[in-house]
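Some notes on the structure that comes next.
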Amino acid sequence: MTGRKVKYTGENEMGKRAVRAYNKNKIWKFKRRLEMKKAEIIVDRYYLTGEVDKRIFGSFIEHLGRAVYEGIYQENSPFADEQGLRKDVLALVKELQVPIVRYPGGNFVSGYHWEDGVGPKEERPSKVDLAWQVIETNQFGLNEFANWAKKAGSEVMMAVNLGTRGPEDAKNILEYCNFKKGTYYSDLRRKHGYEEPHNIKLWCLGNEMDGPWQMGHKTAKEYGRVAAETGRLMKFMDPEIETVACGSSSLAMDTFGYWEEEVLSECYEQVDYLSLHQYYGNRDDNTPEFLANSKGMDEFISSVLSIADCVKAKKRSKKQINLSFDEWNVWYHSNEADEKLEKWVQAPHQLEDVYNFEDALLVGSMLITMLRHADRVKVACLAQLVNVIAPIMTSDTGAWRQTIFYPYMHASVYGRGTVLNTLVKAPSYESKSYGEVSFLDSVCVWNEENGELTIFAVNKNLEEDMEVSCDLRQFADYKVAEHIILTNDDMKAVNTESNPDCVTPVYGNASHMENGHFTTVFGKHSWNVVRLKR
């Protein structure tokens, strides 16, 4: 764009006014673009980070609050199918294309007896759940979840109790789930109406065992030994399964780093992944600092990878441990309300964060961060999926999408393929927690088979748009198919049942591809998905 004026040689007064207005607008846009923040994305089709494992877009259902009861399962609801599964929720989960869901916990699993949730419902016992201080009716269990996952088009990521139980129980549940027939637990499954095995291939060896809040909390050495023996026993039975060892339950743990090193020193050859958990909140109402947390997430991932590779080197192992970021999200809105909840009731309104627009921006940046580590982050679970710190909310009269639903959906649907090593040159700002932070988070994913290139980007600048360029001459035959934008003038805007579309994506026309040169404008405080197709 230039500031050159258009001349009008006619006599029509309306035409003269139109040209004056056009010139004024054009000059304004030209000056605005000169003043606009500029950034560059640098990629090369031969410099690749790695293939995206679709399981990076996984999620999580725990027996907590209304995630199960009134979430994915609600008998006698007008939305329920013949198995009591909510069809409206299933439709939204399918929209997200969730490839795998972790179950049944979470803190809940560290005291869970899986046998309580199988067999005839009238014979299932109600039990106290010490993790969340509620009553668990066990009317929904392992088999019901396997049914739900099949209908949702998802695989199951099953967790075993290494808190109050151990390797023998893990062997038993694996036999129940994966052994075809002819043994006690496989025939018990068949007796319960499931002739064919569930064939679950990804297993969590406990949950957050570093945390003193955890039932059966262990030291790193204690847990590492139990994880090693559990993994060994389970793989004796089914060599095709993969196992996830517990890493630190957050970066803030005093034992962080030491825990990972000692655990892996004990179980390195018996496990396939090490878990990471991290939640973020904006308790100080400082949006720039809040949005900077994606840099903290990046540093967390890099630190854990360094420790894992250090153990590999010390062991002189040929095996590489990858990461399972199986709990991540924004979580803080519900903290105060949860302190006032009545204890020992069934399925209370617990951890029901109502997400706002700025939360969606950070979720988008966290998705970008994990994609940038796609070579080593192979599994990830947005925690959680329905009602409990979730992208989907329900009531007795319907289900709706929270603000964070959209970046999660866009990444899951359009983020399949190969991550290009994406370099970003952009203005930055100073964060008290992380130092210099780029205003622009971005990653490019190339689906060569489908002839698609997708640019994901978050402009964290709250005041200014950003003009962005990228040399895509290696993709010169690609054209801009669409530019999806999520933005809102109100950083605290939320979606509710009565106003479910307050924060919703729109389509922009600021992206252009000409002779392999890509230019666009990412508006202030916005999540962007630019899709180019051959």
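Tabulated values for the structure
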quantity	calculated
Sequence-distant residues sharing a close amide H with R102 (under 5 Å, placed H)	S59, F60, I61, M157
Under the Karplus curve 6.51 cos²θ - 1.76 cosθ + 1.60, θ = phi - 60°, whole-Hz ³J(HN,Hα) for the range 232-237, x wherever Gly or Pro sits	5, 5, 5, 6, 4, 7
Mean ellipticity per residue at 222 nm, deg cm²/dmol - from DSSP H runs of n ≥ 4 across the chain, formula -39500 (n - 2.57)	-9000 deg cm²/dmol
Other-chain or far-sequence residues with amide H under 5 Å of V330's (modelled H)	Y280
0 to 90° range, to nearest 10: angle between helix 405-414 axis and the chain longest Cα axis	90 degrees
Accessible surface, per residue, of the chain when the full set of protein chains is kept, probe 1.4 Å, Å²	42 Å²
Candidate aspartates and glutamates - alpha carbon under 14 Å from K94, same-chain residues fewer than 8 apart omitted	E155
Cα gyration tensor shape of the range 49-154, rounded if a/c is under 1.5, else prolate or oblate by comparing a/b with b/c	oblate
Proximal charge balance of K432 [Cβ under 13 Å; K/R count +1, D/E count -1]	-3
Under 19 Å from the Cα of K180 - lysines, other chains or at least 8 residues apart	K150, K171, K191, K201, K235
Net charge, T219 excluded, C-beta distance under 12 Å - Lys, Arg +1, Asp, Glu -1	-1
Rel. contact order, % - alpha carbon contacts under 8 angstrom, at least six apart, the chain	18 percent
GluC sites (Glu not before Pro) within the range 143-224: DSSP coil, no more than 16 neighbouring Cβ in 10 Å	E195
Low-density loop cleavage sites - trypsin sites (Lys or Arg not before Pro) in the range 245-312, where at most 16 other Cβ are within 10 Å (DSSP)	R283
Accessible-area composition of the chain, carbon plus sulfur, in percent [1.4 Å probe]	49 percent
Amide H within-cut-off set for L162, under 5 Å, with H built and near neighbours excluded	G206, N207
Whole-Hz couplings from phi, Karplus 6.51/-1.76/1.60, listed for the range 113-124; x for Gly and Pro	9, 4, 5, 5, x, 10, x, x, 4, 5, 9, 7
Range in the chain, longest, excluding exposed chymotrypsin sites (Phe, Trp or Tyr not before Pro) [loop by DSSP; at most 13 other beta-carbon atoms within 10 Å]	345-534
Candidate lysines - alpha carbon under 25 Å from K343, same-chain residues fewer than 8 apart omitted	K121, K127
3J(HN,Hα) from dihedral phi, the range 486-501, Karplus parametrisation 6.51/-1.76/1.60, rounded to Hz, x for glycine, proline	10, 8, 6, 5, 9, 5, 9, 4, 10, 9, 10, 4, 7, 9, x, 10
Given K54/K378; K218/K378; K319/K378; K218/K318; K295/K425, the pairs whose alpha carbons are separated by over 18 Å	K218/K378; K218/K318
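The values are calculated or read from the model by the stated rules, or taken from the named source; none is laboratory data. Because the structure is predicted, anything quoted here is derived from the model rather than measured. All Cβ positions, even for glycine, are placed from backbone atoms using ideal geometry, and neighbour counts span all protein chains on display. Note: areas computed on protein heavy atoms with side chains; ligands, DNA, RNA excluded. Shrake-Rupley method; radii C 1.70, N 1.55, O 1.52, S 1.80 Å.
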